[in-house]
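This report refers to the structure that appears directly beneath it.
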Amino acid sequence: MNKFNKFAAAAAAFALAAASASCGAPDAITFGKNTQTALTVDGYEVPAGVFIYNELYAYNSAAYELYGTLGKMPSVDEVKEHQFESMDATDWIQDKATDYCLDFVANEKEFEKIGGELTKDELNEIKEFVSSNSTQAMFADNGVGEESLTKIMTNNYKREAIFKHYYGLGAEKGCTEDELKEYYQDKTTRVKYFAVSFTDDNGEAFDADEKRRLNNMIDGYIKDINAESTNTAKLKKIDECEKEYSEYVEKRTAEAEAKAAEEAGETTTTTTTVTTTSGVTTTTTTDPYANEVTVTKRTTTTVDPNASADVTTTTASEESIAAQKAYNDYNDYIFEKLGLYKAEKYQYDENTVYVIIKADIKERMNSADLWSESNIESLLSERYYDEFEDMMKSITKSYVPEKNSSAYRKFTPFKLDLSSM
């Protein structure tokens, strides 16, 4: 739930239009007495500036939909002449803008219903954001002034407050913190690994002797890691093994280059760099989790590896399917087969083997690490946002907008300044 997403989208729309506009900019938007309100929804009068802003946002959606069809950024005229869902562009954009205005009203009314109040910090954030954006031509030249921007931005904060009211920790439709932790732990784990490649830098497979040597090295790494007496020591040991492997690869590459140069009748020079210290002691803080990653459990299969291939299937798509299957198998292995703190050897694909170990995600569930306030908010949004959207849409479905036909005629999207920077 991003408070600034609509502003960013509008900015992108204007950048797009400015790059491809085919006509001069129209005169700056002015409001008459009969066009100050664009529509009325359940008794709430939506200002023209709010409606225009939502038209710009809808125009952006139309332009990017057409981009997907054309494969290039469309000009304003191309958007204007295109039909969206069997509708003229103007009608489609205004219908979308109307829907956004219904959402706007639902936020206003629901916020009032729950007795919501924005904090002083939130109000200051709104003020600062509006102050730094209201002078942009993309807003000012289209009649979206400070008052309208403030309403829009405040409305975004109100929507977030409504979400927290119903779906926050301990809220009516949400969950407890322990339940959210369980949700996160069920779908997330942490691993440390490094890849051992059985091909050279040119993608050529190594000979049998080198493959045997690499397999013996991997087996040795696994044995050394699991021989450590503590989990912390195991996690440290895998880093040492990775370093040892990297040094071996560097040495092998250098020897191969020297041999190739010798066979070509060339000479190579080895340069040794000596580093001296100034006697100044520096202290560095090492991140204990720098070399590990968190992995999210997959919930759907992107491709069906058993599905029959179409005759038009390309090599690239076959490679993509194979790569997706390799990752799916790897993800399943991590969550269903790999135990905690036991290093294993995993064949990722034909030419790559992982030395891998899984660690307990619970050890990082603290406010300074994975269980920060921002991560909690993201998880709540991930878990409940679709349900929240459905709840809010059930409100807007009951609305019957009373459109001001004069405003809709005057502020049609292609009368707006779509060439502003």
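Each value in this text was obtained by applying a stated rule to the coordinates, not by laboratory testing. Just so it is clear, the structure is predicted and the values come from calculations on it, not from any experiment. Cβ atoms come from the backbone with ideal geometry, glycine included; neighbour counts cover every protein chain shown.
When you go through Lys158, Lys96 one by one, which is the residue that is crowded, with 16+ Cβ neighbours inside 10 Å, of a type in the set (Lys, Arg) and touching a Ser or Thr at 6+ places or on another chain (Cβ under 7 Å)? Being crowded, with 16+ Cβ neighbours inside 10 Å, of a type in the set (Lys, Arg) and touching a Ser or Thr at 6+ places or on another chain (Cβ under 7 Å) holds for just one of Lys158, Lys96, which is Lys96. Within the range 325-338, the set of residues being in contact with a strand residue (DSSP E or B) (Cβ under 7 Å, 6 or more places away or on another chain) and within 26 Å of Asp224 (Cβ to Cβ) comprises Tyr330, Tyr333, Ile334, Phe335, Leu338.
Quick one: count up the residues across the range 151-176 that are over 24 Å from the mean Cα position of the chain (by Cα), among the charged types (D, E, K, R) and part of a helix (DSSP H, G or I). Looking only at that region, the number is 1. Per the listing Glu262, Glu242, Glu247, the residue uniquely in a helix (DSSP H, G or I) and exposed (fewer than 11 other Cβ atoms within 10 Å of the Cβ) is Glu247. Just one residue in the set Leu370, Leu380, Leu418 is of a type in the set (A, V, I, L, M, F, W, C) and part of a helix (DSSP H, G or I); that residue is Leu380.
Based on what the data block shows, is Ala171 among the aliphatic types (A, V, I, L, M) and closer than 29 Å to Ile361 by Cα? It is true that Ala171 is among the aliphatic types (A, V, I, L, M) and closer than 29 Å to Ile361 by Cα. Among the candidates Ser381, Ser367, which residue alone is hydroxyl-bearing (Ser, Thr, Tyr) and surrounded by fewer than 16 Cβ atoms within 10 Å (Cβ to Cβ)? That would be Ser367, the only listed residue that is hydroxyl-bearing (Ser, Thr, Tyr) and surrounded by fewer than 16 Cβ atoms within 10 Å (Cβ to Cβ).
Can you name every residue in the range 65-77 that is surrounded by fewer than 17 Cβ atoms within 10 Å (Cβ to Cβ) and under 17 Å from Leu416 (Cβ atoms)? Asp77 - this is the single residue of the range 65-77 that is surrounded by fewer than 17 Cβ atoms within 10 Å (Cβ to Cβ) and under 17 Å from Leu416 (Cβ atoms).
Filtered by the rule that a residue be more than 27 Å from the chain's Cα centre (by Cα) and part of a helix (DSSP H, G or I), the range 128-141 gives Ser131, Ala137, Ala140.
Counting only residues that are assigned to a loop (DSSP other than H, G, I, E, B) and in contact with a Leu (Cβ under 7 Å, 6 or more places away or on another chain), the range 177-204 holds 1 of them. Taken over the range 101-124, the criterion of being under 12 Å from His165 (Cα atoms), part of a loop (DSSP other than H, G, I, E, B) and out of contact with any helix residue (DSSP H, G or I) (no Cβ under 7 Å at 6 or more places or on another chain) is satisfied by Gly115, Glu117. Tallying residues that are touching a residue at least 40 places away in the same chain (Cβ under 8 Å), acidic (Asp, Glu) and over 19 Å from Leu418 (Cα atoms) within the range 126-162 yields 2. Do we have any residue at all in the range 65-74 that's assigned to a helix (DSSP H, G or I), of a type in the set (D, E, K, R) and touching a residue at least 12 places away in the same chain (Cβ under 8 Å)? The answer is yes; a qualifying residue exists.
The condition of being more than 24 Å from Asp332 (Cα to Cα), in contact (Cβ under 8 Å) with a residue 40 or more places away in the chain and over 33 Å from the mean Cα position of the chain (by Cα) does not hold for Ala233.
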